[in-house]
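Read-outs: derived from the displayed coordinates by stated rules, not from any lab. Treat the numbers as computed from the prediction; the structure is a model and nothing was measured. Here Cβ is always computed from backbone atoms with ideal geometry, including for glycine, and neighbour counts include all displayed protein chains.
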């Protein structure tokens, strides 16, 4: 077993978290990851209302007796979701592990901590990580440039970002972005992390709710098959490279730039949801990390987590054999 501050804090066997993913973090997937020894995460905003989240939590409890968490991501929106309602619903249902992300999480973190909850907060900069630590989070999820979704605007890769976290942070942190195998998990631990957050890798599992066509598309992809959109709008997002995301980038690059209204019809979240439901990878925008180039199969969560654990252990043991202890030379 690999024992870290994360495994001890969350009472899990393997230091791997299935990050919250819109339309993907549903009871079947979260429970399967938790049953496999990692930490499964329900995505609150995948559910249409706080009451629907209550139902999802109860469904997850029927599928696993292991720890699992709930993700609440604070998104820029004209009509913000009822974040407080989702948070209260989850706490009322007995959830005590939360993954938060997005801007201004202070009030949400304060609510969770007042209810004796464990909070993992996702950050893309050391500056924001320090701020979240001051708010009292228990674990930081350090999201590098390779990640799916929003990597921030500073373009710092995980290799440097995680090493900087080791220099600067006083609480445990986990690595997020670009991780999909045991080699990545071992590397994250070597860089000072207490574990790894994997999103795209868990999209491509048997229990993932997305269409098999999309899973096959991920397996056949390479590390060059993602693209950044919204760069000129200062809200960068890494998504799968298809005809829609290519059109968005082209619009952004027009002379004079673009406004969100120019691309809004292309980037609708409902179109992205239909990608997962219908299995047409060209139907809309859908998130994927550059680790798609590392994913070569679709396994059950049990098989995947066991493989991650086994590969990481083998690599760590192998690294130990690189150290040669030379005895004192005899004259």
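Per Stokes-Einstein, at 37 °C and 0.692 mPa s, what whole-number D in µm² s⁻¹ belongs to the stretch 180-331, with the Kirkwood radius over Cα pairs as the hydrodynamic radius?
Value of D from the Cα-based Kirkwood radius: 184 µm²/s.
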Checklist entry - What is the Cα convex hull volume of the stretch 216-282 when expressed per residue in Å³? => result 82
Item to check | Two-site label geometry, residue 324 and residue 82: point separation in nm, points 7 Å out along Cα→Cβ | outcome: 6.7
Checklist entry - In the stretch 269-303, which residues have a backbone nitrogen under 16 Å from the label point lying 7 Å from residue 206's Cα in the Cα-to-Cβ direction? => result 297-303
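If you wrap the stretch 1-92's Cα atoms in a convex hull and average its projection over all directions, what's the area in nm²? Present the calculation step by step, with values, prior to reporting the outcome.
On the way: hull surface 24.3 nm².
Seen from a random direction, the Cα hull of the stretch 1-92 projects 6.1 nm² on average.
Highest first, please rank the peptides 112-119, 235-242 by the mean number of other Cβ atoms sitting within 10 Å of their residues.
On the way: 112-119: 16.9, 235-242: 20.5.
Answer by packing, highest mean first, reads 235-242, 112-119.
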Next on the checklist: Compute the distance from the alpha-carbon center of the stretch 1-31 to that of the stretch 272-293, in whole Å.
Outcome noted: 23
Checklist entry - Nearest 10 degrees, 0 to 90: what angle lies between the long axis of helix 50-63 and the longest principal axis of the chain (Cα atoms)? => result 40
Checklist outcome for this item: With no solvent term and unit scatterers on the alpha-carbon positions of the stretch 5-205, Debye gives log₁₀ I(q)/I(0) at q = 0.08, 0.11, 0.18 Å⁻¹ of -0.22, -0.43, -1.27
Next on the checklist: Using only Cα atoms and rounding to the nearest 10 degrees, what angle (0 to 90) does helix 27-36 make with the longest principal axis of the chain?
Outcome noted: 10
Checklist entry - Once you put a point 7 Å from the Cα of residue 127 and another 7 Å from the Cα of residue 155, both along the Cβ direction, what distance in nm separates them? => result 1.7
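Please report, in whole Å³, the volume per residue of the convex hull around the C-alpha atoms of the stretch 47-107.
Numbers: hull volume 5.0 nm³, N = 61.
Expressed per residue, the convex hull around the Cα atoms of the stretch 47-107 is 82 Å³.
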Checklist entry - How many percent of Cα pairs in the stretch 132-224 exceed 19 Å? => result 46
Checklist entry - Which whole-number percent of Cα pairs in the stretch 40-159 have a distance greater than 16 Å? => result 60
Checklist entry - What is the Cα coordinate range of the stretch 191-252 on the first, second and third principal axes, sorted by size from largest, in whole angstrom? => result 36, 35, 20
Item to check | In nm, spacing of pseudo-spin labels at residue 190 and residue 297 (7 Å Cα→C-beta vector) | outcome: 2.4
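Send over the per residue convex hull volume for the stretch 277-319, Cα only, as a whole number of Å³. Could you put the intermediate results ahead of the total?
Working: hull volume 4.7 nm³, N = 43.
It comes to 110 Å³ per residue, whole-number rounded.
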Next on the checklist: Please compute the length gained on full extension between residue 1 and residue 246, using 0.36 nm multiplied by the number of residues separating them and subtracting their Cα-Cα distance.
Outcome noted: 83.8 nm
Checklist entry - Going by alpha carbons, how many degrees (0 to 90, nearest 10) lie between the helix axis of 301-320 and the longest principal axis of the chain? => result 40
